[in-house]
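Participant: Mind looking over this structure? Questions follow.
The values are calculated or read from the model by the stated rules, or taken from the named source; none is laboratory data. Only a predicted model underlies this, so the values are computations on that prediction, with no experimental measurement involved. Positions of Cβ are backbone-derived with ideal geometry, glycine not excepted, and every protein chain shown enters the neighbour counts.
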Amino acid sequence: MLKNSKLASRDACTPENLVMESFVWTSDIHLDRMDDIEYKELKEWIVEKDADALVLAGDIAEADSVVDYLLDLEATIQRKIYFVLGNHDFYKGSYKQVRDDIRDVVEKNENLKWLSDLEIIELNNLTAMIGHEGWGDARYGNFTVNGPVPRDFMLIDDLVKLKRVQYVEKLNKLGDISAEHIGRVLREAVKDYENIFLVTHVPPFQEASLGKDLRICDDQKLTFYSCKAVGDVIKEIMLENPENNLTVLCGHTHQKCEVQVLVNLKVQVKESGYGVFYDPIVVNLTS
């Protein structure tokens, strides 16, 4: 028996009361690196599946093109697009500039839904979606001041200005912002929905952060490839709510991975590559 009276009293999931039957999910599509043929085939694939929505878990393009690609995708598929941003979406720009651009375009287009600025999205009477970017928060692994760092620190204006000794502090803060939003919204979502999808860019557990050898990333890469702050808060909430189920949809590492963290908490990482069309995944909500 579900503990929440509102949730327990909802009608069984039937075709008559469904809000959404399926959605297409993908991540790290890097459309700015795709040639015209690959991009056309990707859009045709999405349209052919005739799902109710498209879900993007970040790294859509870069700062100077992400808005244009979102608009073009929406014009093609004519469905709602739920998305979070990835680190690449801020390349050649600043956090404020990109966020302002995204807020401006979603205000003008009702089919574009930036999850980081939203609360709970109801998909059907039992299922909801929430989301936030996440960021490699330097709490896993072992960051060394003299070690290699990702291109983020060369291509995102806010990070270029930092000295190396400031990197960890900034990454901690970025992870905390995501964890605060996700924790607050998830605690509300479990009251009313049995099944919840969390869309984020960075895997929230080190077990889901794999390298090309399909092993957990080394200590240096884990600093940037996992968000412990988000993992800690969602694990705590799901332990407290064993009757609910949480599925995390993320990317960032480009390595396909599925990890069952708890009986009721699963993480799925989408495989991807730069400028290459990898089949998205159709998530069926009726099965």
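Participant: So, in the stretch 185-221, exactly how many residues are of a type outside the set (A, V, I, L, M, F, W, C) and under 20 Å from Ala57 (Cβ atoms)?
Facilitator: 12
Participant: Here are the criteria: (1) at negative phi; (2) surrounded by fewer than 17 Cβ atoms within 10 Å (Cβ to Cβ). Tell me which single one Leu214 does not satisfy.
Facilitator: (1)
Participant: Going by the conditions given, is Val276 of a type in the set (Val, Ile, Thr) and closer than 30 Å to Asp50 by Cβ? Steps first, please.
Facilitator: Details: of a type in the set (Val, Ile, Thr): yes; closer than 30 Å to Asp50 by Cβ: yes.
Criteria met by Val276.
Participant: Let me ask you something else. Which members of the stretch 130-149 meet the condition of being farther than 16 Å from Cys227 by Cβ and of a type in the set (Val, Ile, Thr)?
Facilitator: Matches in the stretch 130-149: Thr144, Val145, Val149.
Participant: Suppose we keep only residues that are in contact with a Lys or Arg (Cβ under 8 Å, 6 or more places away or on another chain) and not hydrophobic (A, V, I, L, M, F, W, C) within the stretch 159-192. Which one would you say is nearest to Gln97 (Cα to Cα)?
Facilitator: Going through the qualifying residues, I end up with Gly175.
Participant: For Lys6, indicate whether it is at pLDDT 95 or above, more than 23 Å from Tyr225 (Cα to Cα) and assigned to a helix (DSSP H, G or I).
Facilitator: Details: at pLDDT 95 or above: no; more than 23 Å from Tyr225 (Cα to Cα): yes; assigned to a helix (DSSP H, G or I): yes.
Judged against the criteria, Lys6 is not a match.
Participant: Six or more apart or on different chains, Cβ under 6 Å: which pairs go from a residue in the stretch 223-242 that's under 14 Å from Arg187 (Cα atoms) to one that's among the aliphatic types (A, V, I, L, M) and crowded, with 20+ Cβ neighbours inside 10 Å? Could you list them?
Facilitator: As it stands, the answer is Val230/Ala179; Val230/Ile182; Val233/Ala179; Ile237/Leu186; Met238/Leu246; Met238/Leu265; Asn241/Val190, since those pairs meet every condition given.
Participant: Filter the stretch 179-223 down to the residues that are out of contact with any Ser or Thr (no Cβ under 6 Å at 6 or more places or on another chain), at pLDDT 95 or above and either among the acidic types (Asp, Glu) or closer than 13 Å to Gly141 by Cβ (or both) and list them by number.
Facilitator: Correct list: Glu180, Glu188, Asp192, Glu194, Val202, Phe205, Glu207.
Participant: On to the next question. Based on this model, can you work out whether Phe143 counts as buried (at least 18 other Cβ atoms within 10 Å of the Cβ) and within 20 Å of the chain's Cα centre (by Cα)?
Facilitator: Against the criterion (buried (at least 18 other Cβ atoms within 10 Å of the Cβ) and within 20 Å of the chain's Cα centre (by Cα)), Phe143 does not qualify.
Participant: Taking the stretch 49-73 as the search range and keeping residues that are within 18 Å of the chain's Cα centre (by Cα) and either part of a helix (DSSP H, G or I) or among the hydroxyl-bearing types (Ser, Thr, Tyr) (or both), which one is surrounded by the most Cβ atoms within 10 Å (Cβ to Cβ)?
Facilitator: If we take residues in the stretch 49-73 being within 18 Å of the chain's Cα centre (by Cα) and either part of a helix (DSSP H, G or I) or among the hydroxyl-bearing types (Ser, Thr, Tyr) (or both), then Val66 is surrounded by the most Cβ atoms within 10 Å (Cβ to Cβ).
Participant: Please tell me if Arg151 is surrounded by fewer than 16 Cβ atoms within 10 Å (Cβ to Cβ), in contact with a Phe, Trp or Tyr (Cβ under 9 Å, 6 or more places away or on another chain) and not hydroxyl-bearing (Ser, Thr, Tyr).
Facilitator: So Arg151 fits the description; yes.
Participant: Let me ask something additional. Of all the residues that make up the stretch 152-202, how many are within 17 Å of the chain's Cα centre (by Cα) and β-branched (Val, Ile, Thr)?
Facilitator: 7
Participant: Let me ask something else. Go through the stretch 150-182 and report how many residues are of a type in the set (Val, Ile, Thr) and more than 13 Å from Phe224 (Cβ to Cβ). First the steps, then the outcome.
Facilitator: Our first condition is that a residue be of a type in the set (Val, Ile, Thr); within the stretch 150-182, this holds for 156, 160, 165, 168, 177, 182.
After this cut, where a residue has to be more than 13 Å from Phe224 (Cβ to Cβ) as well, the list is 160, 165, 177, 182.
Total meeting the criteria: 4.
Participant: Taking the stretch 269-287 only, how many residues are under 16 Å from Gly86 (Cα atoms) and modelled with pLDDT of 90 or more? Even if it seems obvious, please write down each step before you answer.
Facilitator: Just the residues of the stretch 269-287 that are under 16 Å from Gly86 (Cα atoms), to begin with: 269-275.
After this cut, where a residue has to be modelled with pLDDT of 90 or more as well, the list is 269-274.
So the count comes out to 6.
Participant: I need a count of the residues in the stretch 193-211 that are buried (at least 18 other Cβ atoms within 10 Å of the Cβ) and among the acidic types (Asp, Glu).
Facilitator: Step one: of the stretch 193-211, the residues buried (at least 18 other Cβ atoms within 10 Å of the Cβ) are 193-206, 208-210.
Right, trim to among the acidic types (Asp, Glu) and you get 194.
Selection size over the stretch 193-211: 1.
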